[in-house]
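J.: For reference, the structure I am asking about is given below.
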Amino acid sequence: MSEYLGRGQSPLTTEQWALIDGTVTEVARNTLVGRRFIHLFGPFGPGLQVIPNDTYEGAGIGSSDFKGQEESATIATAARTFIPLPIIYKDFMIHWRDLETSRQLNIPLDVSPAAAASHFCAEAEDRMIFLGGAGQPGLLKVEGRNSLAMGDWSAPGSAFGTAVLAVEKLTSAGFYAPYAMVLSPRQYAQTYRVFSNGGLLEIDHMKKVMTAGVYQSPIIPEGKGLAVACGPQNLDLAISQDLTTSFMETAKMNHYFRVFEILGLRIKRPGAICVLE
């Protein structure tokens, strides 16, 4: 295990660290939304502090001829910027008496504080992805995004109709499947109603066009949502250090830890995002 995590100086056993690691991973997996449809790039190691984010020239349909000699625009970097990879973190404490209770009674350590820290880190990651911050533009705010009126979803079929229009808009602009949709909890709840005579819920029909999934997130403001053409050519999440836990110090007999990750959102083609509002 890497020295910068400080685990060699911690009071925890190997089994207790395994319990914390498993809990942190499980809670994050259940909480995170952005990672369910955004391609992951990395990890590269915690020393990487910035990463290039290129825009390309040479867009256009590929060539087709017998000899393979027809002139065609070459895809190449047109401009290069660098985006920072911020640290997302949440600290927690394990009371020294809780540790002693685990040892004396030979019972598993209560790792609820680590679970809570993981949950809040995952929420912070999604907030950065959707709303931006720490040098990240955010899917809902990036310049060059497409937009579409969400309209009134009170009538059956209206949510599905919006999903179809979003796909039409993205496809017409040259951004192809797979597509994903993320909604506020209120809008997401409106998709759980029987649609047409087939007995299927409206969300089941939406998933047929949003093949990368339809999700909800409390980070999305009420009355808003987004559809994304989520291929890696459009966007990815560059990871320097994936979610992990480090030991920081023992102070006043109690033990302090940090759940953290280092990553950044690279939006390569903002037009692949269609904000519903």
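J.: Which loop trypsin sites (Lys or Arg not before Pro) in region 197-269, with loop taken from DSSP, have no more than 11 other Cβ atoms within 10 angstrom of their Cβ? Mind showing how you got there, number by number?
T.: Working: sites: K207, K208, K224, K252, R258, R266, K268; in loops: K224, K252, K268.
Qualifying residues, ordered by number: K252.
J.: I would also like to ask the following. Among W17, F37, G6, whose Cα sits farthest toward the positive end of the charge dipole of region 1-40 (+1 at Cβ of Lys/Arg, -1 at Cβ of Asp/Glu, about the Cα centre)?
T.: F37
J.: In whole percent, what relative contact order does region 122-277 give with Cα contacts below 8 Å and a gap of six or more residues?
T.: Relative contact order here is 30 percent.
J.: Across region 32-182, how large is the tail of the calculated P(r) beyond 21 Å, expressed as a percent of all Cα pairs?
T.: 68
J.: List, in order, the whole-Hz ³J(HN,Hα) value for each residue of region 253-261 obtained from phi through the Karplus relation with A = 6.51, B = -1.76, C = 1.60 and θ = phi - 60°; use x for Gly and Pro.
T.: So the Karplus estimates, Gly and Pro as x, are 6, 8, 10, 10, 10, 9, 8, 8, 8 Hz.
J.: Another one. So who's got an amide H within less than 5 Å of the one on G132, skipping anything under 5 residues away but keeping other chains? H placed 1.01 Å off N, in plane.
T.: Here G138, L139 satisfy the definition.
J.: Considering all projection directions equally, how large on average is the shadow of the alpha-carbon convex hull of region 146-229, in square nanometres?
T.: On the way: hull surface 20.0 nm².
Spelled out: convex hull of the Cα atoms, projected over all directions, averaged, 5.0 nm².
J.: What is the sum of charges around R145, taking Lys and Arg as +1, Asp and Glu as -1, for the other residues whose C-beta is under 14 Å from the C-beta of R145?
T.: Once positives and negatives cancel, what remains is +3.
J.: List the chymotrypsin sites (Phe, Trp or Tyr not before Pro) in region 187-260 that DSSP assigns to loop (not H, G, I, E or B) and whose Cβ has at most 15 other Cβ atoms within 10 Å. Which are they? Let's see the in-between values first.
T.: Numbers: sites: Y188, Y192, F195, Y215, F247, Y256, F257, F260; in loops: Y192, F195.
Answer by residue number: Y192.
J.: So what are the ³J(HN,Hα) numbers for region 264-272, from phi and the Karplus equation (6.51, -1.76, 1.60; θ = phi - 60°), rounded to whole Hz, Gly and Pro as x?
T.: x, 9, 9, 9, 8, 9, x, x, 6
J.: If you put +1 on each Lys and Arg Cβ and -1 on each Asp and Glu Cβ, how big is the dipole of region 152-277 around its Cα centre, in Debye rounded to 20?
T.: Approximately 100 debye in magnitude.
J.: Another question, then. In sequence order, what are the phi-derived ³J(HN,Hα) couplings for region 213-230 according to the Karplus relation 6.51 cos²θ - 1.76 cosθ + 1.60 with θ = phi - 60°, rounded to whole Hz, with x for glycine and proline?
T.: x, 10, 10, 10, 8, x, 6, 6, x, 4, x, 10, x, 7, 10, 9, 7, 9
J.: Taking the Cα centre of the chain as origin, sum charge times position over the Cβ atoms of Lys and Arg (+1) and Asp and Glu (-1), and report the length of that vector in debye to the nearest 20.
T.: For the chain, the charge dipole is close to 280 debye.
J.: While we're on this one: Report the FRET efficiency, 1/(1 + (r/R0)^6), for K252 and F82, where r is their Cβ-Cβ distance and R0 is 41 Å, rounded to 0.05.
T.: E between K252 and F82, to the nearest 0.05, is 0.50.
J.: What are the membrane-span-like helices in the chain by this rule: whole DSSP H runs, Cα extent along the axis at least 27 Å, mean Kyte-Doolittle hydropathy at least 0.0?
T.: In the chain, the long hydrophobic H runs are 112-131.
J.: Same structure, new question: Taking H placed 1.01 Å from N in the peptide plane, check which residues at least 5 places from I83 or on another chain put their amide H under 5 Å from its amide H.
T.: Amide H to amide H, under 5 Å and 5 or more residues apart or across chains, I83 pairs with I51, N53.
J.: Sticking with the crude label model, points 7 Å out along Cα→Cβ, report the distance from T101 to K141 in nm, one decimal please.
T.: 4.2
J.: Return, for the Cα atoms of region 228-277, the radius of gyration and Dmax in Å, separated by a comma.
T.: 18.1, 53
J.: Using modelled backbone amide H atoms (1.01 Å from N, in-plane), which distant-in-sequence or interchain residues come within less than 5 Å of Y56's amide H?
T.: A78
We did not get these values from a lab; they are worked out from the coordinates using the rules stated. None of the values given here were measured: they were computed from a predicted structure. In this analysis, Cβ positions are derived from the backbone assuming ideal geometry, glycine residues included, and neighbour counts consider all displayed protein chains.
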